[in-house]
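Beneath this line is the structure, given in structure tokens, with notes to follow.
The values are calculated or read from the model by the stated rules, or taken from the named source; none is laboratory data. These numbers were taken from a predicted model, which means no experiment stands behind them. We place every Cβ from the backbone using ideal geometry, glycine too, and count neighbours over all the protein chains shown.
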Amino acid sequence: MKYTEEHEWLQVEGDLVVVGITKHAAEQLGDVVFVELPDTDTEVAKDDEVVVIESVKAASDILAPLDGEIVEVNEAIVEDPGKVNEDPEGDAWFFKMKVEDMSVMDDYMDEAAYKDFISS
Amino acid sequence: MADDDLMKTVLFELHLELGAKMVPFAGYEMPVQYPMGVLKEHQHCRAQAGLFDVSHMGQVVLSGNDVALALESLVPVNVVGLGEGRQRYAFFTNEQGGIEDDLMIANRGDHLFVVVNAACKDADLALMKGALEPKGITVSLIEDRSLLALQGPGAEAALAALCPAVADMKFMDVATVSILGVECWVSRSGYTGEDGFEISVPNEKAVDLARALLADETVEPIGLGARDSLRLEAGLCLYGQDMDGGLNPVEASLTWAIQKVRRTGGDRAGGFPGAEVILAALDNGVDRQRVGLRPEGRAPMRRDVALFADAEGGEQIGFVTSGGFGPTVGGPVAMGIVADGLHTPGTQLWGDVRGKRMPVQVAELPFVPAGFKR
């Protein structure tokens, strides 16, 4: 598992990368009440705003962590946004991306580095 | 304002002990939520009972001869006709007819007790002193009392366990009672749409009273986050959002709070700041007003979302003043100002959410039926 400074987690599954938000991010957001996911089969560039997530407190954007194509989205969290608080690093993944160049994953933090990042 | 300058209520240490997340609010460090979280706190308050620290609000005693008549010079409300032991909603108006703050006025026999918003406390105090002291009225900010709100269908049972007399009170009654051996000023009112009480308690007993109420298994502490979603579902205005100095009470859909005696043709018509504008608005109507809004999708429409009459094109016809997710409604709810003619419940409007026009309907307020004990 890799982590971004935007509090996303990235998990490689073959030639796909699964993206979600960290437990820390979900706690900071508070109760999630709305999630808008991108359409599948769309090309996105790193830092494109691809997901809108709203909690009881505020709206936030989630940025594409990599260049690639969105190939699958998790409709279950649109139906029940509360899942994002219940299991942010498991069932409540956001989308899966097809990524050409997996080497960019090396730029992201590992778990230990992310832990340091959120405690600093 | 730097965090160091923030004021603390008497309950500050208790909030920390209860695990509250504290935020700056109106110059105070206040609990926005407890470990339960905003959503569950909201639902708990609607289902059982919630305890709120509202000690940041301004408690003011007004006394002197003809104090009610004197206060009528600042509010378009019938204060003279407010019976002893009763409370009434009011607002201070300005010369343009706008609203400077909203407040509660209680007739406590030999004096009036008013509660004003924390953010407007200093301005309200200056306003009242400036206008009322020349009339011989004493204006005293009460700083030796805290203010707790206990709200929800379980509030009566929880408070009556400490003070059986409160069970006899009805909505908007006020009474002086003894709780934990000290004199408390209790009103049967609140800001959630639920039955409940606001309790003005001497500072030295405030923590004891909060602990005694929290010891009741039906009572949970509730933060500012849920306070906002509860009042929004109840259709209650937040000063600075749903009403302000640039909006008159008719535009703010608060005409119900202006009794006949203060309107054109009434025995004490006018005589408050901006009376000309407000009475004209009452007599002739206004070209915009506050309404409830129910977004049709799941996406909340928050404050400042622009409203349109059509799915595409056209001029902006209004804006959202407060909006978010309504946990009891189970979907997004909002209030906003819309042009006259588009204010009828059921009217289809469109709100610009992140560049996309999303459907929203004008809706009846409140979104959740009130649980008041009338």
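Let's see how each residue does on (1) within 14 Å of chain A (Cβ to nearest Cβ); (2) out of contact with any helix residue (DSSP H, G or I) (no Cβ under 6 Å at 6 or more places or on another chain); (3) among the charged types (D, E, K, R):
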site: B:191; (1), (2), (3): no, no, no
site: B:224; (1), (2), (3): yes, yes, no
site: B:232; (1), (2), (3): yes, yes, no
site: B:248; (1), (2), (3): no, no, no
site: B:253; (1), (2), (3): no, yes, no
>> Contact list please: Cβ distance under 6 Å, first residue in the range B:289-307 and over 10 Å from residue B:338 (Cα atoms) and within 9 Å of chain A (Cβ to nearest Cβ), second residue among the aromatic types (Phe, Trp, Tyr) and buried (at least 24 other Cβ atoms within 10 Å of the Cβ), pairs at least six apart or on different chains.
In response: B:300/B:325
> Which residue out of B:329, B:368, B:338 is at pLDDT 95 or above, in a strand (DSSP E or B), β-branched (Val, Ile, Thr) and outside the structural domain of residue B:43 (by TED's automatic domain parsing)?
Replying inline: B:338
>> Can you list the helices (runs of 4 or more DSSP H) lying wholly within the range B:152-246 that have 3 or more residues being out of contact with any strand residue (DSSP E or B) (no Cβ under 9 Å at 6 or more places or on another chain)?
In response: none
>> Any residue at all in the range B:120-138 that's touching a residue at least 40 places away in the same chain (Cβ under 8 Å), assigned to a strand (DSSP E or B) and farther than 26 Å from residue B:31 by Cα?
In response: yes
> Which one of B:87, B:48, B:96, B:33 is crowded, with 18+ Cβ neighbours inside 10 Å and closer than 23 Å to residue B:257 by Cα?
Replying inline: B:87
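Looking only at the range B:319-352, which residues are within 14 Å of chain A (Cβ to nearest Cβ) and touching a residue at least 60 places away in the same chain (Cβ under 8 Å)? Full working, then the answer.
In the first step, residues of the range B:319-352 are kept if they are within 14 Å of chain A (Cβ to nearest Cβ); the result is B:320, B:322-334, B:351-352.
Listed by number, the residues that qualify are B:322, B:323, B:324, B:325, B:326, B:327, B:328, B:329, B:333, B:334.
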> How many residues are away from chain A (no Cβ under 11 Å) and touching a residue at least 12 places away in the same chain (Cβ under 8 Å) when one looks only at the range B:22-36?
Replying inline: 9
>> Conditions first: (1) touching a Phe, Trp or Tyr at 6+ places or on another chain (Cβ under 7 Å); (2) in the same structural domain as residue B:74 (by TED's automatic domain parsing); (3) not hydroxyl-bearing (Ser, Thr, Tyr). Residue B:279 passes all but one, so which condition is the exception?
In response: (1)
> Of all the residues that make up the range B:179-198, how many are touching a Leu at 6+ places or on another chain (Cβ under 7 Å) and either surrounded by fewer than 23 Cβ atoms within 10 Å (Cβ to Cβ) or of a type in the set (S, T, N, Q) (or both)?
Replying inline: 4
>> So, residue B:48, is that one within 14 Å of chain A (Cβ to nearest Cβ), of a type in the set (S, T, N, Q), more than 25 Å from residue B:248 (Cα to Cα) and touching a residue at least 24 places away in the same chain (Cβ under 8 Å) or not?
In response: no
> Which fully enclosed strands (runs of 3 or more DSSP E) of the range A:2-63 have 1 or more residues being closer than 30 Å to residue B:32 by Cβ and within 12 Å of the chain's Cα centre (by Cα)?
Replying inline: A:8-13, A:16-21, A:32-36, A:49-55, A:59-63
>> Residue under question is residue A:68, and the condition is that it be surrounded by 16 or more Cβ atoms within 10 Å (Cβ to Cβ) and not aromatic (Phe, Trp, Tyr); does it hold?
In response: yes
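Yes/no per residue for (1) crowded, with 16+ Cβ neighbours inside 10 Å; (2) over 20 Å from residue B:106 (Cβ atoms):
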| site | (1), (2) |
| --- | --- |
| B:167 | no, no |
| B:177 | yes, no |
| B:200 | yes, no |
| B:209 | yes, no |
| B:215 | no, yes |
> Counting only residues that are part of a helix (DSSP H, G or I), among the hydrophobic types (A, V, I, L, M, F, W, C) and free of Cβ contacts under 8 Å to residues at least 12 places away in the same chain, how many does the range B:250-287 have?
Replying inline: 2
>> As an exercise: evaluate residue B:54 against (1) surrounded by 20 or more Cβ atoms within 10 Å (Cβ to Cβ); (2) more than 22 Å from residue B:149 (Cβ to Cβ) and give the number of the one condition it does not meet.
In response: (2)
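Give me a count of the residues in the range A:55-65 that are more than 14 Å from chain B (Cβ to nearest Cβ) and surrounded by 19 or more Cβ atoms within 10 Å (Cβ to Cβ).
2
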>> Suppose we filter the range B:302-326 for residues that are assigned to a strand (DSSP E or B) and either hydrophobic (A, V, I, L, M, F, W, C) or surrounded by 18 or more Cβ atoms within 10 Å (Cβ to Cβ) (or both); how many remain?
In response: 13
